[in-house]
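Written out below as structure tokens is the structure these notes cover.
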């Protein structure tokens, strides 16, 4: 069977190279390169992507061997139905191996068509390495490589302000664009690149903060033979992703004139401030994940989709989102409800097995960043406790006992957190007083919470009551009792 190359794609169009992409991994190919492909096929972008690797070399060789082509399988809920569809992505023109083809990399800086730079080098990629130098071929760090490229561009066009870039990093760190720009300027100073170059960075280039959202599991090892038979060709760069996608780009609206994703029906927005969108994602998507995990797992459920589809835990999840999380957020209610429905569809995705235990890693710190702000905001606005979040907090403490019936739970967290719960649960004697002691000590763990949560009126008593019910009656009875109650003062 032949491998996917230009011979498989008839009349493949050729586009000018408008994009430099740092990263050849599954996410960028299944997210950014797919969006460019969609726009190209609608005739509204007409540009291709040149890919360079932030590290390693293997994927670049595979990419060039397939003429930059790969197949994207999108699986998930679409308009209320489970949909599986695929397409060949033709937006990548070539890959450049920075270790063997550094001259080609510098030559690309002189391409007048080049306008965008995208990256995904993991959260650890946007770092400053004082050992990098301009003479390295290549530099070790991604920002070092980028600075060298920008300096080559600056010199190639003699500081022309019309030849700067729109730079949009996709790394999952807050204010990623601002952070990247700070490091580029740091290299400019370290390498003595001159005030003219520094001014050009500020005035000719737009560094955008961005927030990306799509689950891209990557190469489907378990089903690749079946998929290959269906396709009729071999694809060593096959990528699987979910249907849902969202890209929030913080920058001037003029970006949409050059990157008109909205005209292609893509869920990509250019906004003045992405902060509320980050808050929505953290509170509704991530917060619900974290809050549902101990409840659903102790109920006897193992995956996210099972938890949402179950009559009891599904009701818990929906009420948690609609009655406790959404009321603490300030974007238009239609927008919040639309996002929440999309989240529930993603949770239901029948093509992805998302195990609750994999979500449970470092659950206590996740609860602090994802759910505690909602709990505090809810109390501040309504002067009462959000009952389902409180119940989830109690379930989390029960989860850290490390037992589901007779089954051991493989807890994964920082050792001091594990030690805290080990000590607390070793002192449990079946009484409500001992439960109260456990709750008081967990809420008073200021090293994590950065405050004494025992000071939140009624919180300790409510968690104690829920935790005692979970311990003495079991999760199934406790949660069914909860869902028949109204919010408690």
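The values are calculated or read from the model by the stated rules, or taken from the named source; none is laboratory data. Keep in mind that this is a model prediction, so the values were computed, not measured. So basically every Cβ, Gly included, is an ideal-geometry build from the backbone, and we count neighbours across all protein chains shown.
Set side by side, the residues 195, 171 differ, and just one is over 27 Å from the mean Cα position of the chain (by Cα) and either under 27 Å from residue 270 (Cα atoms) or surrounded by fewer than 19 Cβ atoms within 10 Å (Cβ to Cβ) (or both), which is 195. In region 354-381, the qualifying residues are those that are loosely packed, with under 14 Cβ neighbours inside 10 Å and modelled with pLDDT of 95 or more, and the one that is farthest from residue 410 (Cα to Cα) is 381.
Could you list all residues from region 445-476 that are farther than 17 Å from residue 422 by Cβ and assigned to a loop (DSSP other than H, G, I, E, B)?
Keep residues of region 445-476 that are farther than 17 Å from residue 422 by Cβ, which gives 446, 449-466, 468-470, 472-476.
Correct list: 450, 451, 452, 456, 457, 458, 474.
Looking only at residues of region 400-422 that are in a helix (DSSP H, G or I) and in contact with a helix residue (DSSP H, G or I) (Cβ under 8 Å, 6 or more places away or on another chain), we find that the one that is nearest to residue 471 (Cα to Cα) is 421.
From the list 237, 298, 263, the lone residue that is more than 30 Å from residue 406 (Cα to Cα) and either assigned to a loop (DSSP other than H, G, I, E, B) or not assigned by TED's automatic domain parsing to the domain that holds residue 74 (or both) is 237.
For region 128-139, indicate whether the set of residues that are in contact with a helix residue (DSSP H, G or I) (Cβ under 9 Å, 6 or more places away or on another chain), closer than 25 Å to residue 251 by Cβ, assigned by TED's automatic domain parsing to the domain that holds residue 54 and in contact (Cβ under 8 Å) with a residue 40 or more places away in the chain is non-empty. Yes, some residue in region 128-139 is in contact with a helix residue (DSSP H, G or I) (Cβ under 9 Å, 6 or more places away or on another chain), closer than 25 Å to residue 251 by Cβ, assigned by TED's automatic domain parsing to the domain that holds residue 54 and in contact (Cβ under 8 Å) with a residue 40 or more places away in the chain.
Residue 331 meets each of the listed conditions (1) at pLDDT 95 or above; (2) not in a helix (DSSP H, G or I) apart from (1).
Checked against (1) more than 19 Å from residue 372 (Cβ to Cβ); (2) touching a residue at least 60 places away in the same chain (Cβ under 8 Å); (3) touching a strand residue (DSSP E or B) at 6+ places or on another chain (Cβ under 7 Å); (4) not in a loop (DSSP other than H, G, I, E, B), residue 244 passes all but a single condition, namely (4).
Entry remark, region 403-445: residues being under 28 Å from the mean Cα position of the chain (by Cα) and surrounded by fewer than 16 Cβ atoms within 10 Å (Cβ to Cβ) number 6 in total.
Test residue 203 against the stated conditions and say whether it is touching a residue at least 12 places away in the same chain (Cβ under 8 Å) and outside any loop (DSSP other than H, G, I, E, B). Yes, satisfied. What's the total number of residues in region 273-316 that are in contact with a strand residue (DSSP E or B) (Cβ under 7 Å, 6 or more places away or on another chain) and farther than 25 Å from residue 411 by Cβ? Final tally of qualifying residues: 5.
If a residue has to be touching a residue at least 24 places away in the same chain (Cβ under 8 Å) and assigned to a helix (DSSP H, G or I) to count, how many in region 350-374 make the cut?
Filtering region 350-374 down to residues touching a residue at least 24 places away in the same chain (Cβ under 8 Å) leaves 350-357, 359-374.
Filter once more, so that each one left must be assigned to a helix (DSSP H, G or I): 356-357, 359, 363-370, 372-374.
Residues meeting the conditions: 14.
Within region 266-284, being within 23 Å of residue 73 (Cα to Cα) and touching a helix residue (DSSP H, G or I) at 6+ places or on another chain (Cβ under 8 Å) holds for 266, 268.
Mind checking which residues of region 266-287 are without any contact (Cβ under 8 Å) to a residue 24 or more places away in the chain and within 28 Å of residue 18 (Cα to Cα)? Explain how you work it out, then say what you get.
Here is the first cut: in region 266-287, the residues without any contact (Cβ under 8 Å) to a residue 24 or more places away in the chain are 267, 269-273, 275.
Hits for region 266-287 are 267, 269, 270, 271, 272, 273.
Quick check, is residue 124 modelled with pLDDT under 95 and over 23 Å from residue 33 (Cβ atoms)? Give the steps one after another, and end with the answer.
Working: modelled with pLDDT under 95: yes; over 23 Å from residue 33 (Cβ atoms): no.
No, not satisfied.
Tell me, please, whether a residue that is touching a helix residue (DSSP H, G or I) at 6+ places or on another chain (Cβ under 7 Å), more than 30 Å from residue 341 (Cβ to Cβ), surrounded by fewer than 21 Cβ atoms within 10 Å (Cβ to Cβ) and at pLDDT 95 or above can be found in region 49-68. The answer is yes, given that some residue of region 49-68 is touching a helix residue (DSSP H, G or I) at 6+ places or on another chain (Cβ under 7 Å), more than 30 Å from residue 341 (Cβ to Cβ), surrounded by fewer than 21 Cβ atoms within 10 Å (Cβ to Cβ) and at pLDDT 95 or above.
Annotation: of all residues in region 26-45 being within 22 Å of residue 119 (Cβ to Cβ) and in contact with a helix residue (DSSP H, G or I) (Cβ under 7 Å, 6 or more places away or on another chain), the one that is surrounded by the fewest Cβ atoms within 10 Å (Cβ to Cβ) is 38.
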